[in-house]
Amino acid sequence: MKRKRGSLALNAPYLLWCVIFILVPLAMVVYYAFRDRSGNWTLQNFAELVDTPEHLDNLVRVFGISLAYAGAATLICLLLAYPLAYYMAHTKPSTQRNLMMLITVPMWMNFLICTYSWISILGNEHGLLNTLLEQLGLHKLHILNTPGAIILGMVYNYLPFMILPIYSVLAKLEPSLVEAAQDLGATNAEVLRKVTLPLSLPGVAAGVTMVFVPSVSTFYISKKMGGNKTMLIGDWIESMFLQANNYQSGAALSLILMLLVVLSMMIMRRFSDSENGALVVS
């Protein structure tokens, strides 16, 4: 009994944090999503999003663009992160510490400052990149305020969240598994494909989730690096709350996005579990 009380006392700050910053905001979103301006229970907030062909087309378009951008950013992060995480896990400890510091330093900086730094670099007229290209006699690149700039901003800000979980899993893999596969005649490519990659899938699934979730709901990156030319889900929700003062529709959109995120996480978890099960069976 004393041990349970001590455990509860130690977990109390965490539980209080979860209640205040997770459960209460979630309850507010659900409340406004199913209430009209008069306080009556209703489903009209959801119906308004698809009540006309124009509204339905707009909903499908915004969600489609958001999913496409988030998917592209997640795929790019995975392609960049896995080789780096693999190298980090197989290099000497001092190099691992240095690389870890370089990866985590941008995470210590303010998110807004990191985004504004890319605006200064990619500026179409007086950005650092175009200034350098002009001095070299090359044509300027118009990257800012394009879909590519939005995806670049996502990749830069969320790449560490892909690297760290993959590195954590790869660093804990037993070297004896690789040695056993090599003793059985497996080449390096076969070891990577049949041993290392399947065993690292939990880290991959965690990294994909940690990148995809904030990417699909982002709004500041698209606003600043996309020049307000592309409407994503996060931009739409922000406009509902801050510009239209329509908390009911904004909450309905937020709840739909939340369900979409939960569904994506369930799919990634099921995919990771099935792959691990296949590895054990084989």
Any chance the stretch 45-58 includes a residue that's touching an Asp or Glu at 6+ places or on another chain (Cβ under 8 Å) and touching a residue at least 24 places away in the same chain (Cβ under 8 Å)?
yes
Just one of (1) on the phi < 0 side of the Ramachandran plot; (2) of a type outside the set (D, E, K, R); (3) surrounded by fewer than 20 Cβ atoms within 10 Å (Cβ to Cβ) trips up Trp118, so point out which.
(3)
Filter the stretch 219-234 for residues that are modelled with pLDDT of 90 or more and not in a helix (DSSP H, G or I) and give the result.
Leu232
In the stretch 145-163, what residues are touching a helix residue (DSSP H, G or I) at 6+ places or on another chain (Cβ under 7 Å) and over 12 Å from Ile221 (Cβ atoms)?
Leu159, Pro160, Phe161, Met162, Ile163
Every pair of residues 6+ apart whose Cβ atoms lie under 6 Å, when the first sits in the stretch 141-157 and is modelled with pLDDT of 90 or more while the second is in a loop (DSSP other than H, G, I, E, B):
Ala149/Ile143; Ile150/Gly226
Would you point out the residue of the stretch 19-43, among those that are without any contact (Cβ under 8 Å) to a residue 60 or more places away in the chain and either under 19 Å from Ala244 (Cβ atoms) or of a type in the set (Gly, Ala, Ser) (or both), that is surrounded by the most Cβ atoms within 10 Å (Cβ to Cβ)?
Phe34
Report, by residue number, each residue of the stretch 78-112 that is crowded, with 16+ Cβ neighbours inside 10 Å, under 20 Å from the mean Cα position of the chain (by Cα) and either in a loop (DSSP other than H, G, I, E, B) or not hydrophobic (A, V, I, L, M, F, W, C) (or both).
Tyr82
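Does Leu197 fit the bill of being over 25 Å from Gly234 (Cβ atoms), hydrophobic (A, V, I, L, M, F, W, C), out of contact with any helix residue (DSSP H, G or I) (no Cβ under 6 Å at 6 or more places or on another chain) and at pLDDT below 85? Spell out how you get there, then give the answer.
Values: over 25 Å from Gly234 (Cβ atoms): yes; hydrophobic (A, V, I, L, M, F, W, C): yes; out of contact with any helix residue (DSSP H, G or I) (no Cβ under 6 Å at 6 or more places or on another chain): yes; at pLDDT below 85: no.
Answer is no for this residue.
Condition (residue is over 18 Å from the mean Cα position of the chain (by Cα) and not in a helix (DSSP H, G or I)) applied to the stretch 10-20: is it met by at least one residue? Step through it out loud before you land on a result.
From the stretch 10-20, those over 18 Å from the mean Cα position of the chain (by Cα) are 10-20; that's our starting set.
Still in the list and also not in a helix (DSSP H, G or I): none.
No: zero hits.
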Every residue in the stretch 143-189 that is surrounded by 14 or more Cβ atoms within 10 Å (Cβ to Cβ), over 25 Å from the mean Cα position of the chain (by Cα) and in a helix (DSSP H, G or I), please.
Val178, Ala181, Gln182
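The values are calculated or read from the model by the stated rules, or taken from the named source; none is laboratory data. Nothing here was measured: the structure is a model prediction, and the numbers come from that model. FYI the Cβ positions are ideal-geometry reconstructions off the backbone, even for glycines, and counts take in every protein chain you see.
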